[in-house]
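Remarks on the structure that follows.
The values are calculated or read from the model by the stated rules, or taken from the named source; none is laboratory data. Computed from a predicted structure; not experimentally measured. Note that we place each Cβ from the backbone using ideal geometry, even for glycine, and neighbour counts take in every protein chain shown. Quick note on the areas: whole protein, heavy atoms, side chains included, nothing else; ligands and nucleic acids left out. Shrake-Rupley method; radii C 1.70, N 1.55, O 1.52, S 1.80 Å.
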Amino acid sequence: MSMNQGRTGAGAGTGLAAPLNPRRIAAYFGLVVLGALTGLAGALVQSGWSPGGLVLALLGSAAVFYGGRVATGTAIGVGAPAVGWLVAVMLLTATRPEGDFVFAAGTGSYVFLLGGMVAAVICATVRKVPQPGPDSARPGK
């Protein structure tokens, strides 16, 4: 008897064991780009409208991370936009030789950096994306 004969549950090819096909790779690449754009937009908005811009930037980041999780159904769906977000934000924190920078050394910038990372970790560790039942449209039945 092999190890897989007695198992029940998720079928082969789901979650992390799902085969990579061109559509899945394109989806993950699109999520990386979307995460980078969200990081760029959040970096610009978080200091512009205090404190509402910071809240908006964090909610936008969390929405992209969770949306990646829902769209793909895997934790990699959170990791892809999180990587794009982190790369964009880290590139924007570095000062240029001319002395230009996007992030000022302030509380809001640090809250945005740490809050975005915490949001990514929370979205990645969500146990399972809630799925509506077959009769969810008719609660009385």
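Structural remarks
- Filter result for residue 55 (within 16 Å of residue 119 (Cα to Cα), open to solvent by 60 Å² or more (accessible area, probe 1.4 Å) and in a helix (DSSP H, G or I)): yes
- Filtered residues of the stretch 112-131 (kept if part of a helix (DSSP H, G or I) and either modelled with pLDDT under 75 or surrounded by 17 or more Cβ atoms within 10 Å (Cβ to Cβ) (or both)): 112, 113, 115, 116, 119, 120, 123, 124
- Leading residue by the ranking (surrounded by the most Cβ atoms within 10 Å (Cβ to Cβ)) among those in the stretch 30-52 that are without any contact (Cβ under 8 Å) to a residue 12 or more places away in the chain and assigned to a helix (DSSP H, G or I): 30
- Qualifying residue in the stretch 27-38 (condition: among the hydroxyl-bearing types (Ser, Thr, Tyr) and modelled with pLDDT of 85 or more): yes
- Failed condition for residue 74, given (1) among the hydroxyl-bearing types (Ser, Thr, Tyr); (2) open to solvent by less than 50 Å² (accessible area, probe 1.4 Å); (3) in a helix (DSSP H, G or I): (3)
- Of the set (1) surrounded by fewer than 11 Cβ atoms within 10 Å (Cβ to Cβ); (2) in contact with a helix residue (DSSP H, G or I) (Cβ under 6 Å, 6 or more places away or on another chain), all apply to residue 94 but (2).
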